[in-house]
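S.K.: Input: one structure, supplied below.
The values are calculated or read from the model by the stated rules, or taken from the named source; none is laboratory data. A quick note: this is a predicted structure, and the numbers were derived from the prediction, not measured. Backbone-built Cβ (ideal geometry, glycine too); neighbour counts: all protein chains shown. Protein only, heavy atoms only, side chains kept; ligands, DNA and RNA dropped before computing areas. Shrake-Rupley method; radii C 1.70, N 1.55, O 1.52, S 1.80 Å.
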Amino acid sequence: MNLSFKDFIGIKIHQTDLNLTSYIKAQLEPYNLAPEQNLIMMLLWEEEGLTQNQLAECLNKDKTNITRMALSLEKKGFVKRINCKDDRRSVRLYLTEDGKNLGEKVLPITERFNEIVCDGITKEELLIMERVLSKISKNVQKQS
């Protein structure tokens, strides 16, 4: 079986991810927010006080990467990290006033980005895509 470059689904997904990331990175740049940091902020705008472990699980990232991003967000003044009273090894993240204000500016950008990405795609097609991506992810996880 000789597949050409354009036939590999992983390459198509990767190229799409590069396009998505490049676009949102440019949109978030004026707010001093990287796309991966924005993922943490989006979760916190939905629910404050998540632990770094919860964030790592939600984002499927290693804890070290989440800790690094949380420290960066703290230095920027968007979050504060507070040790849990019942488990001193665990750290919860809370939004600062600047972090809350940032959400008022960034959430409309992310919502518009989602509209752009989904333009011309039906709800049924989105559900199919979610199922297919889930299957692809599970296939790869089985090999790990």
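S.K.: Which of (i) 1.10; (ii) 1.14; (iii) 1.22 is the computed Cα Rg over 2.2 N^0.38 Å for the structure on display?
M.R.: Looking at Cα Rg over 2.2 N^0.38 Å for this model, the match is (iii).
S.K.: Which of rounded, prolate, oblate describes the stretch 73-144, given a ≥ b ≥ c as roots of the alpha-carbon gyration tensor eigenvalues and a/c under 1.5 marking rounded, otherwise prolate only if a/b is larger than b/c?
M.R.: oblate
S.K.: If R0 is 30 Å, what FRET efficiency do you get for residue 26 and residue 98 from their C-beta distance, rounded to 0.05?
M.R.: 0.85
S.K.: Can you tell me how much longer the chain between residue 53 and residue 15 gets when fully stretched, taken as 0.36 nm per residue apart minus their C-alpha distance, in nm with one decimal?
M.R.: Answer, rounded to one decimal: 10.7 nm.
S.K.: Taking K and R as +1 and D and E as -1, what net charge do the other residues with C-beta under 12 Å from the C-beta of residue 121 add up to?
M.R.: -4
S.K.: Further question on the same structure: Only sites in a loop by DSSP and with at most 16 other Cβ atoms within 10 Å count here; which GluC sites (Glu not before Pro) in the stretch 37-144 make the cut?
M.R.: Sites meeting the loop and neighbour criteria: 47, 48.
S.K.: Give the angle, between 0 and 90 degrees and rounded to the nearest 10, that separates the Cα long axis of helix 35-46 from the longest principal axis of the Cα atoms of the chain.
M.R.: Taking Cα atoms only, the helix is inclined about 60 degrees.
S.K.: Using each residue's phi in the stretch 109-125, evaluate 6.51 cos²θ - 1.76 cosθ + 1.60 at θ = phi - 60° and report the 3J(HN,Hα) Karplus result to the nearest Hz, with x for Gly and Pro.
M.R.: For the stretch 109-125, the Karplus curve yields 5, 5, 5, 5, 4, 4, 4, 4, 4, 8, 4, x, 10, 6, 4, 4, 5 Hz.
S.K.: Here's something else I'd like to know. Once label points are set 7 Å from the Cα along Cα→Cβ at both residue 114 and residue 127, what is their separation, rounded to one decimal in nm?
M.R.: Inter-label distance under the simple model: 1.8 nm.
S.K.: While we're on this one: Give me the percent of the accessible area of the chain that comes from carbon and sulfur atoms, probe 1.4 Å, all protein chains in place.
M.R.: Carbon and sulfur atoms account for 52 percent of the accessible area of the chain.
S.K.: With the other protein chains left in place, how much accessible area per residue, in square angstrom, belongs to the chain at a 1.4 angstrom probe?
M.R.: Roughly 74 Å² per residue, with all protein chains present.
S.K.: Starting from the eigenvalues of the Cα gyration tensor, five times each then square-rooted, give me the equivalent ellipsoid semi-axes of the stretch 6-58, largest first, whole Å.
M.R.: Each semi-axis is √(5λ); the values are 26, 17, 7 Å.
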